[in-house]
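The values are calculated or read from the model by the stated rules, or taken from the named source; none is laboratory data. Quick caveat: nothing in here was measured; it's all calculated off a predicted structure. Neighbour counts are summed over all protein chains in view; Cβ atoms, including those assigned to glycine, are modelled from backbone coordinates with ideal geometry.
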Amino acid sequence: MLKRSKWISYPVNMGFECPVIFKSFKTEKEIKRATLTISARGCYYATLNGERIGNFIFAPGATSLKRVQVQSYDVTNMLGFDNTIEVTLSKGWFQGRIDWRGSNDYPNDYEAVIAELSVTYKDGSCESIVTDESWSARRSAVRFSDFYDGEHYDATFIDESIVGVKVQNYDNGILVPQQGEFVVEHERIRPINIFKTPKGELVIDFGQNLTGYFEIFVNAKSGERVSFSFAEVLDVEGNFYTENYRSAKAEFLYTCCDGEQSYKPKLAFWGYRYIRVNEFPCEVTLDSVVAIVVHSDIKRTGYLESSSPLLNKLFKNIIWGQKGNFLDIPTDCPQRDEREGWTGDAQVFCRTASYNYDVEKFFEKWLTDLKIDQGDDGGVPSIVPQYWGDGWSGCGWGDASTICPWQIYLTYGNKDILRKQYSSMCKWLKYIALKSKNRYLWTGCEHFADWLGLDAPAGSYKGSSNDDFLASAYYLYSTSLVIKAGKVLGRSVQKYEALYERILKAIRKKFKKYKTQTECVIALHFGIAPDKEKTAKQLADMIIAKGTRLQTGFLGTPYLLHALSDNGYSELAYDLLLQEAFPSWLYSVKQGATTIWEHWDGVNEKGEFWSKDMNSFNHYAYGAVADWVYGVSCGIKTVDEFPGFERIVIAPIPTDKLDFMSAQIQTRRGLVSSKWFHEGGTIRYEITTPSRTTIIIDGKEYNVEKGSYIF
């Protein structure tokens, strides 16, 4: 791609200042069609004759460093006789602080642009303008830009020192067509309040924790400044709180020109609910700033509703958590010095994600990067794209390589995702066998395991569940998914079937007792427990002994309610779902959360924070509970043999603890919905299906064609 174009950059490394690469040209004939094909190392913001080109925020997106996506834009109606194309570059994911290399470690890596403007005239002639030595460069008004630290823009800055560009010897072979969704602007949210904190800080409250940027509106004199800081929460005294952002400065600085003006950042984003106004040249009003939500352009497909206002708020928080963290990659959080594509978070939430939104294209792109960044030994980085570290792999994180492709296949019915990822799935199993000290178990390695489990020993982030047991269980589970995927693709899976049986036998021999809630959950959900009734009772007893409270972390929580309802304890599952006291899903809701918290006790009952260094208030993983509501409470289930909702099982499990529950998913086949509600001493079920479906009500099966049904 772009074979005639060259990578060009500012002639010297600009640090975190953003250069502009530009070219002026004339089009003297009547234009039929004009297309700009462009990409960059770093992020680009391109304009033609002062007008922004396209709506892709932070283009060309976050990918493995081994490939860069290319975008094409129709610019036919943007051209005139005299034209100037300008491209402002930031380090973005390529070399900003979000990239583990850091600009100081690789001073000779320059952010650079490559492009071609192809013009076809109505007389049939064609012309191409490619990036080469003929382009020019200057410094821009974006004086500083970094995802972690924010943006500084000087509206008074004009650089008259035009310089030539530097041609960079970057490989055009890393260029690939756009694969993922564009990141675009979505909602615009007006403030709900402006107030002074006890410390005298002026704070704007948008009422919603969100990911994105904002637009300011100000009347000022040249040189006056707007300065903002950002926060998700206030402290127990009501003051502005930023310690959980860690080293991320998360600042915004705007130097004004004369008169009325507006501005929105070009190359940075923040995770925030509150803005502290450090400087503002005039009175701050509710019209002075509007928040702009930014995330991948994914379509909403799933909706949940119940008779409980608290539960409905939880459902909304799950949606906002997904929007805030599906910004080109499935980030763990959008605010602190992290914002990375953690594989563990992605795999536990994948099913919920695929019901809430159409994420097929989103995950295809991310899984492609997972496969690219996977080590030769089969190890899967804990973060994809691999911007950090040395590719360390662990159970439940590396298993994203098997779990996510299978779930995307189930939800959308597209075999291509399995064809593309199958070799990666198999390599992951080889990695486990290579690293383990035991042939049919995964032992002797380090893992995140049940991360943030509440039964963690003092001073540890990791729950008390046995690492070797959890790792071996995931080894078994991933093997089962390789078998399923192989059968779909017509591959021979005999060796994996034999491997599965040996792993299961070895686990049952080695791990005969389960000592934590998470161990019981995994043993039940992965089919390990030889006596499911006994293990289910043990799990139920553990939960009840804690006052009907969960103790699970990242690996146990997603399957907790499933393990209960699948084994005769659906009412206890509802008790956990509806629990309002700490720890619970509704505890954070009652504490005023508008997204999902990283910790069950991100803020405790005294208003104190869990920690300073790892306490995100927009961390979507525990929102995985929504898949239980879709699939068990409302009973909407996919069928392995008929993916993409070609055939469906709908088996709702109602409760007297709620008046009603409703779920709907816009599938590839059409709308499927399931609602139950209490009516006159009975339960009424209203079900709509786009496909042949088995409906199970009180144990009785009804095989129906597409349509709407009432029971």
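Residue-by-condition table, conditions (1) among the hydroxyl-bearing types (Ser, Thr, Tyr); (2) crowded, with 17+ Cβ neighbours inside 10 Å:
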site: 127; (1), (2): no, no
site: 148; (1), (2): yes, yes
site: 162; (1), (2): no, no
site: 168; (1), (2): no, yes
site: 171; (1), (2): no, no
site: 184; (1), (2): no, no
site: 197; (1), (2): yes, yes
site: 204; (1), (2): no, yes
site: 212; (1), (2): no, yes
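Within the stretch 69-113, being under 30 Å from the mean Cα position of the chain (by Cα), farther than 26 Å from residue 141 by Cβ and at pLDDT 95 or above holds for 69, 70, 72, 74. Going through (1) free of Cβ contacts under 8 Å to residues at least 60 places away in the same chain; (2) under 30 Å from residue 316 (Cα atoms) one by one, residue 365 falls short only on (1). Screening residue 362 against (1) within 26 Å of residue 453 (Cβ to Cβ); (2) surrounded by 22 or more Cβ atoms within 10 Å (Cβ to Cβ); (3) under 15 Å from the mean Cα position of the chain (by Cα) leaves a single unmet condition, (1). Scanning the stretch 619-647 for residues that are in contact (Cβ under 8 Å) with a residue 12 or more places away in the chain, in a strand (DSSP E or B) and among the β-branched types (Val, Ile, Thr) gives 636, 638.
When the stretch 559-597 is filtered for residues that are within 19 Å of residue 315 (Cβ to Cβ), among the charged types (D, E, K, R) and in a loop (DSSP other than H, G, I, E, B), only 580 remains. Applying the criterion of being under 35 Å from the mean Cα position of the chain (by Cα) and polar (S, T, N, Q) to the residues of the stretch 136-178, the residue that is farthest from residue 19 (Cα to Cα) is 178.
Condition check for residue 688 on (1) assigned to a strand (DSSP E or B); (2) closer than 22 Å to residue 565 by Cα: one failure, at (2).
With respect to being crowded, with 23+ Cβ neighbours inside 10 Å, among the small types (Gly, Ala, Ser) and outside the structural domain of residue 147 (by TED's automatic domain parsing), residue 394 fits the description. With 364, 305 as the choices, which residue is farther than 23 Å from residue 272 by Cβ, acidic (Asp, Glu) and not in a helix (DSSP H, G or I)? Step by step, each of 364, 305 is checked, and only 305 is farther than 23 Å from residue 272 by Cβ, acidic (Asp, Glu) and not in a helix (DSSP H, G or I). Summed over the stretch 1-42, the residues that are over 15 Å from residue 89 (Cα atoms), touching a residue at least 60 places away in the same chain (Cβ under 8 Å) and not in a loop (DSSP other than H, G, I, E, B) give a count of 9. Taking the conditions exactly as written (closer than 24 Å to residue 193 by Cα, outside the structural domain of residue 196 (by TED's automatic domain parsing) and either within 14 Å of the chain's Cα centre (by Cα) or hydrophobic (A, V, I, L, M, F, W, C) (or both)), does residue 320 satisfy them or not? Criteria met by residue 320.
Residue-by-condition table, conditions (1) in a strand (DSSP E or B); (2) farther than 30 Å from residue 360 by Cα:
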{"residue": "649", "(1), (2)": "yes, no"}
{"residue": "654", "(1), (2)": "no, yes"}
{"residue": "664", "(1), (2)": "yes, no"}
{"residue": "674", "(1), (2)": "yes, no"}
{"residue": "695", "(1), (2)": "yes, no"}
{"residue": "701", "(1), (2)": "yes, yes"}
{"residue": "709", "(1), (2)": "yes, no"}
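Screening the stretch 221-238 for residues that are within 28 Å of residue 602 (Cβ to Cβ) and of a type in the set (A, V, I, L, M, F, W, C) and picking the one that is surrounded by the fewest Cβ atoms within 10 Å (Cβ to Cβ) gives 236. When residue 509 is tested against (1) farther than 24 Å from residue 539 by Cα; (2) free of Cβ contacts under 8 Å to residues at least 12 places away in the same chain, just one condition goes unmet, and that condition is (1). The residues listed here are 262, 354; of these, the one that is farther than 29 Å from residue 196 by Cα and either in a helix (DSSP H, G or I) or without any contact (Cβ under 8 Å) to a residue 60 or more places away in the chain (or both) is 354. Per the listing 546, 510, 532, 537, the residue uniquely in contact with a Ser or Thr (Cβ under 8 Å, 6 or more places away or on another chain) and surrounded by fewer than 22 Cβ atoms within 10 Å (Cβ to Cβ) is 510.
Tell me, yes or no, whether the stretch 568-575 has at least one residue that is surrounded by fewer than 24 Cβ atoms within 10 Å (Cβ to Cβ) and farther than 26 Å from residue 524 by Cβ. Looking through the stretch 568-575, none of the residues is surrounded by fewer than 24 Cβ atoms within 10 Å (Cβ to Cβ) and farther than 26 Å from residue 524 by Cβ.
In the stretch 43-68, the qualifying residues are those that are touching a helix residue (DSSP H, G or I) at 6+ places or on another chain (Cβ under 8 Å) and part of a strand (DSSP E or B), and the one that is surrounded by the most Cβ atoms within 10 Å (Cβ to Cβ) is 43.
Looking at the stretch 506-520, is at least one residue modelled with pLDDT of 95 or more and among the aliphatic types (A, V, I, L, M)? Checked against the condition, which is being modelled with pLDDT of 95 or more and among the aliphatic types (A, V, I, L, M), the stretch 506-520 yields at least one hit.
Of the residues contained in the stretch 464-479, none is found to be at pLDDT below 95, touching a Ser or Thr at 6+ places or on another chain (Cβ under 6 Å), farther than 18 Å from residue 347 by Cβ and surrounded by fewer than 23 Cβ atoms within 10 Å (Cβ to Cβ). Is it the case that some residue within the stretch 633-650 is closer than 19 Å to residue 564 by Cβ, touching a Gly at 6+ places or on another chain (Cβ under 8 Å) and aromatic (Phe, Trp, Tyr)? Checked the stretch 633-650: no residue is closer than 19 Å to residue 564 by Cβ, touching a Gly at 6+ places or on another chain (Cβ under 8 Å) and aromatic (Phe, Trp, Tyr).
Taken over the stretch 580-600, the residue count meeting the criterion of being buried (at least 24 other Cβ atoms within 10 Å of the Cβ) and over 13 Å from residue 232 (Cβ atoms) is 1. Return yes or no: is residue 307 more than 14 Å from residue 625 (Cβ to Cβ), surrounded by fewer than 20 Cβ atoms within 10 Å (Cβ to Cβ) and of a type in the set (Gly, Ala, Ser)? Considered against the rule, which asks whether it is more than 14 Å from residue 625 (Cβ to Cβ), surrounded by fewer than 20 Cβ atoms within 10 Å (Cβ to Cβ) and of a type in the set (Gly, Ala, Ser), residue 307 comes out as yes.
Within the stretch 14-30, if we keep just the residues that are surrounded by fewer than 17 Cβ atoms within 10 Å (Cβ to Cβ) and not small (Gly, Ala, Ser), the residue that is modelled with the lowest pLDDT turns out to be 28.
Going residue by residue through the stretch 461-471, is there one that turns out to be in a helix (DSSP H, G or I) and closer than 17 Å to residue 400 by Cα? Taking every residue of the stretch 461-471 in turn, at least one turns out to be in a helix (DSSP H, G or I) and closer than 17 Å to residue 400 by Cα.
When the stretch 601-645 is filtered for residues that are polar (S, T, N, Q) and surrounded by fewer than 17 Cβ atoms within 10 Å (Cβ to Cβ), the ones remaining, listed by number, are 604, 611.
Residues that are crowded, with 20+ Cβ neighbours inside 10 Å and either part of a loop (DSSP other than H, G, I, E, B) or free of Cβ contacts under 8 Å to residues at least 40 places away in the same chain (or both) within the stretch 427-454 comprise 440, 441, 442, 447, 448, 449, 450, 452, 453, 454, listed in sequence order.
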